[in-house]
Amino acid sequence: MITNISILVRDRHGRALLQMRDSGATLGPLCWSFWGGAVEPEDEDHAHTAARELEEELGIVARPAEFIEIGRRTGGDGQEAPLMLLPRPIEWGDFRVMEGAGAGYFKLHEIQQLPVTRSLAWYLAHRPDVFLWQEGR
């Protein structure tokens, strides 16, 4: 069962745009994280969740059809969390941080040096390829 989604956004150089979680966050306070959140009852599917969450958190309007699922992590509780990629580049100034303590663009080797949430750590350990920019993806 899918209860949460994560979103990966990149700039034109392929750097990942990550969220710095604020100190009051229940999970991963003051750690770097993907964007995303919980599936709501009104969401038709996890692509709709990704579109809604991206608009809520960054003010970026995207259609659900724009997202591509590039990974899926299963938690210890058996719940699944897809990693959704918005394949079009998002540049500094194209968004406003409306949740969390801030944002930053990072390459894989930089992300590996950061304090990160469990979800991000899982991708670093098991699927670091999602952070590597590939033409058209």
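The values are calculated or read from the model by the stated rules, or taken from the named source; none is laboratory data. Note that the structure is predicted; figures quoted are calculated from it, not measured. All Cβ positions, even for glycine, are placed from backbone atoms using ideal geometry, and neighbour counts span all protein chains on display.
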(message) Against the conditions (1) closer than 20 Å to H126 by Cα; (2) among the polar types (S, T, N, Q); (3) surrounded by fewer than 18 Cβ atoms within 10 Å (Cβ to Cβ), where does T3 fall short? Just the number, please.
(response) (1)
(request) Could you please find all residues in the range 68-124 being in a loop (DSSP other than H, G, I, E, B), more than 27 Å from T3 (Cβ to Cβ), in contact (Cβ under 8 Å) with a residue 60 or more places away in the chain and not hydrophobic (A, V, I, L, M, F, W, C)? (result) P89, E91, K107
(message) Would you confirm whether or not the range 62-73 contains a residue that is aromatic (F, W, Y), in contact with a Gly (Cβ under 9 Å, 6 or more places away or on another chain) and at pLDDT 95 or above?
(response) no
(request) Return yes or no: is I111 over 23 Å from A38 (Cα atoms), touching a helix residue (DSSP H, G or I) at 6+ places or on another chain (Cβ under 9 Å) and β-branched (V, I, T)? (result) yes
